[in-house]
Amino acid sequence: MRAPHDTPSASSLSSPELERLCRLLSQAPLFNGLGFQDIARFARGVREVKAGKGEILFHRGDACSGFHLILNGQIKLAFTSAEGNEKVVDILRPGQSFGEAVMFMDRPYVVMAQALTDSTLLHIGKQIFFEEMAGDPLFCRKIIAGLAQRLHHLMGDVESYSLRSGRERIIGYLLREEEIAGDSLAGGRVSIRLPTSKGTIASRLNLTQEHFSRILHELTDAGLIEVEGRTIHIADIGRLRRSLG
């Protein structure tokens, strides 16, 4: 499999290209509130990465030299076994970043990252990042808040896997996808396009693909959803919410 395509780092780019990278960085929640000059200092350690669908950004055990910010596309983080089995840890979207934790621990990656669609990312080098953190306590707090939010999200996953049924997990996932789409009213019929394959989503929810498909059939038989390929039609979003009890 081909390695992702890297573009030159910001330090070797012309002023217009540097400005373009700064605009891209400014879109990330992590850099909200920073002025252009502050962001430009980070851009010195940035390189743009383009990854085609299916390309691997890094494998488990690879050295971590920074973290990634997704501009467009989708990235899957997963554990893989020697036998080729896979457990999806997360499916990330534009605006999200990953790799900060292992960067701070100065350890190799513990998961693999793969592009689920053609994707563009920014890689921010850890040396520049550490230098900027050293001089900005407020930015440090922002980083800590982001990592704490990830931990909270992880604890929510553990709670879901431990205490919620497969049916509840799938309904919860569909409701979150509907929230992200943000194009429906409080009730009524809505349609959701699954962002990736059902097998990948099943793994993300800690379900087998067979169990995932069986629950979709049960929800269909109950009149709650209709399945058309990767599009899920929800007959009444309010009714689906109420079905969680």
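The values are calculated or read from the model by the stated rules, or taken from the named source; none is laboratory data. Here the structure is a predicted model, which means the values were calculated and not measured. All Cβ positions, glycine included, derive from the backbone under ideal geometry; neighbour counts span all protein chains shown. Just the protein is used for accessible areas: all its heavy atoms, side chains included, with ligands, DNA and RNA removed. Shrake-Rupley method; radii C 1.70, N 1.55, O 1.52, S 1.80 Å.
One Cα centroid belongs to region 16-51, the other to region 95-138; the line between them spans 14 Å. Please compute the net charge surrounding D236, taking Lys and Arg as +1 and Asp and Glu as -1 over other residues with Cβ under 15 Å from its Cβ. For residues surrounding D236, the net value is +2.
Ligands, DNA and RNA left out, the 1.4 Å accessible surface of the chain is 54% carbon and sulfur atoms. Residue ranges 81-90, 18-27 sort as 18-27, 81-90 when ordered by packing (mean number of other C-beta atoms within 10 Å per residue, highest first).
Excluding ligands, DNA and RNA, the accessible surface per residue across the chain is 53 Å² with a 1.4 Å probe.
Rounded to two decimals, the Cα radius of gyration of region 165-243 over 2.2 N^0.38 Å is 0.99. Distances between placed amide hydrogens fall under 5 Å for D118 paired with K53, all partners being 5 or more residues away or on another chain.
Mean-square fluctuations from a GNM of the chain, with a 10 angstrom spring cutoff on Cα atoms, peak among A181, A40, A78 at A181. Summarising the label geometry, the points placed 7 Å from Cα in the beta-carbon direction at D106 and D118 lie 4.0 nm from one another. Among complete DSSP H helices in the chain, those whose alpha-carbon atoms stretch at least 20 Å along the helix's long axis and whose mean Kyte-Doolittle hydropathy reaches -1.0 are 137-163, 166-181. Dividing the mean sequence gap of close Cα pairs (under 8 Å, 6+ apart) by how many residues region 14-150 holds gives a relative contact order of 32 percent. Taking a 20 Å limit on the Cα-Cα distance, which of the listed pairs K87/K142; K50/K87; K53/K198; K53/K142 fall beyond it? The answer is K87/K142; K50/K87; K53/K142. Highest GNM mean-square fluctuation among V46, V111, V190, for the chain modelled with Cα contacts below 10 Å: V190. For E168 and S15, what does the FRET efficiency come to when R0 = 45 Å and r is the distance between their Cβ atoms, rounded to the nearest 0.05? The value I calculate is 0.25. Helical content of the chain, expressed as a calculated mean residue ellipticity at 222 nm, amounts to -13000 deg cm²/dmol (DSSP H runs of 4 or more residues, -39,500 (n - 2.57) each, divided by residue number, nearest 500). Could you compute how fast the chain diffuses translationally, taking Rh as the Kirkwood radius over C-alpha pairs and applying Stokes-Einstein at 25 °C with viscosity 0.890 mPa s? Give it in µm² per second. Stokes-Einstein gives a translational diffusion coefficient of 124 µm²/s.
Taking packing as the residue-averaged number of other Cβ atoms within 10 angstrom, the listed peptides 159-165, 230-236 run from highest to lowest as 230-236, 159-165.
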